[in-house]
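Readers should treat all values here as calculations from the given coordinates under stated rules, not as data from a laboratory. Given the structure is predicted, the values throughout are model-derived calculations rather than measurements. FYI the Cβ positions are ideal-geometry reconstructions off the backbone, even for glycines, and counts take in every protein chain you see.
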Amino acid sequence: MITAPSASFISRRKQLLEQMQAQGGGVAIIATAQEMLRNNDNTFPFRHDSSFYYLSGFTEPEALLVLVADGASERSILFCREKNLEQEIWDGFRYGPAAAQAQFGFDAAFPMEALATEMPNLLADAATLFHSAGVAPQLDTQLQSWLDVVHGKSRSGVLAPQKTVNVRSLIDEMRLFKDASEIALMQKAASVSGAAHARAMRAAKPGMFEYEIEAELLHEFRRQGSQAPAYGSIVATGANACVLHYQSNAAQIKDGDLILIDAGCEFDSYASDITRSFPANGKFSAAQKTLYELVLAAQQAAISCAHPGAGYMDGHHAAVMVLTQGMLDVGLLDKNKVGTLDDAIAHNAFRQFYMHGTGHWLGLDVHDVGSYREVNKVGMERPYRKLEAGMVITVEPGIYVRKAEGVPEQFWDIGIRIEDDIAITTDGHLNLSRDTPKTVAEIESEMQS
Ligand code: GLY
Ligand code: MN
Ligand code: MN
């Protein structure tokens, strides 16, 4: 059944076409992701390219979006797999060009086999090629062959595009600002992930294995309709929590361990990214509680910087200030060695225990696209940009204490991160992951229920 095409996708294509017109017109080409072999003839689960999806709404593999802005008119064209009833017995439904055109509101649609004949015609006399080289090597190769055909007609007066604009930079800037329908999906993703974290807290017991807790997360993601985790889930017990990108999730949980879970589902293509840290036996020890309250205070300080007009790095600086003061107070840092708070920050002394940034953009990709620095300026001296309504960030300070000489033993093997998903609104922010248990009292009570 063909339903009305989603207005959001059509209006995003229109916005990009208008930007192309403003730059003198031309042709944009945006391919979806390629299917990837996992082993032998077995592929990884297919995930469309986020920018292709953002403009098309189309989730099948083997597809290309072409936008044509030629001054007088604007067209959006989809190339996709041909309908194939025989193959659909094996792989399931595919739209085919005619149904895809109607369903997704394109001006025209062709089978992929038509690229070789259609693309040289579309590229002939286009002022600018809007393309991002190096993203999809196969597309770069095909593009070269289409341009060769255009060059071959130069004696009849046909011109190939005279310049190239990085189309993904234009799309990245659009994707940075989420509309209401995107925020609603991100809220759904964060709510499902929050329920999964709560489920993991209730299930966890000393003696279980990290993968058993991972299974609880995955069960809740899928049970609530999420298609996949947005990234590899981290379930790290004890010293493993100090490994920032821990992935094996294979160790047995011991009484007295803290467990760090960094896991978020993808819901209808939108990511969530939540971290919680909790005691395996349901009760924080005094040392665990001391560091936990410190990270929580740092996170609250960073979240209070999440409003329009704040600098992108303000939250990080606020978190570093709280964490460093706390490290001095509890003896992780020695005042006699690192000096005052200002000295310890200026010389990055905190990095022994807090060595990553405090967040990133979040959206269709977990580490979402968009410049962190002011656009329309060049060079690394560009200032960080200001937060604006529609941006979504994570706020994720942590503290990671490895066994080392001079480090108080009571804190060894404690790794803590607290991560929430924060949408910037016109008057402040909305914490999308607000329902995930977070205070010591909330976590201990969730674990007892
Ligand atoms: N889970 C990836 C991150 O927190 O950035
Ligand atoms: Mn995370
Ligand atoms: Mn994150």
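Could you list the residues of the stretch 173-211 with an amide nitrogen less than 19 Å from a label point located 7 Å from the Cα of THR59 in the Cα-to-C-beta direction? Backbone N within reach: 181-193. Taking label positions 7 Å along the Cα-Cβ direction at both ALA441 and GLU113, the computed distance is 6.9 nm, reported to one decimal.
On full extension, the segment bounded by SER145 and GLN34 gains 38.1 nm, given 0.36 nm per residue less the C-alpha separation. For every other residue with a beta carbon closer than 13 angstrom to the beta carbon of LEU78, add +1 if it is Lys or Arg and -1 if Asp or Glu, then tell me the sum. Its environment carries a net charge of -1. To the nearest ten degrees, helix 137-151 and the longest principal axis of the Cα atoms of the chain are 20 degrees apart.
Available extension along the chain between ASP342 and ASP41 is 102.6 nm, counting 0.36 nm per residue and deducting the alpha carbon span. Think of each Lys and Arg Cβ as +1 and each Asp and Glu Cβ as -1; about the Cα centre, that makes the dipole of the chain roughly 420 debye.
Other residues with beta-carbon under 11 Å from the beta-carbon of VAL375 carry, at +1 per Lys or Arg and -1 per Asp or Glu, a net charge of +1.
Helix 286-303 and the longest principal axis of the C-alpha atoms of the chain enclose an angle of approximately 40°. Placing unit charges on the Cβ atoms of the charged side chains and taking the dipole of the chain about its Cα centre, the candidate lying farthest along the positive direction among LEU55, VAL369, PHE93 is VAL369. Using the average count of surrounding beta-carbon atoms within 10 Å as a protection proxy, the listed peptides 242-250, 256-264 rank, highest first, as 256-264, 242-250. For the peptides 226-238, 284-296, residues were scored by their other Cβ atoms within 10 Å and the scores averaged per peptide; the highest-first order is 226-238, 284-296. Report note on the peptides 187-196, 138-147: ranked by the mean count of other C-beta atoms within 10 Å, highest first, their order is 187-196, 138-147. Projecting the Cα atoms of GLN352, PRO397, THR436 onto the dipole axis of the stretch 340-449, where Lys and Arg carry +1 and Asp and Glu carry -1 at the beta carbon, places GLN352 farthest toward the positive end. The modelled label-to-label distance between LYS83 and LYS283, using points 7 Å beyond Cα along the C-beta direction, is 6.7 nm. Legend: calculated FRET efficiency, ARG223 to VAL243, from the Cβ-Cβ distance at R0 = 35 Å, rounded to 0.05, equals 0.75. Of all lysines in the structure, the ones whose alpha carbon falls short of 21 Å from that of LYS163, not counting any fewer than 8 places away in one chain, are LYS153, LYS377.
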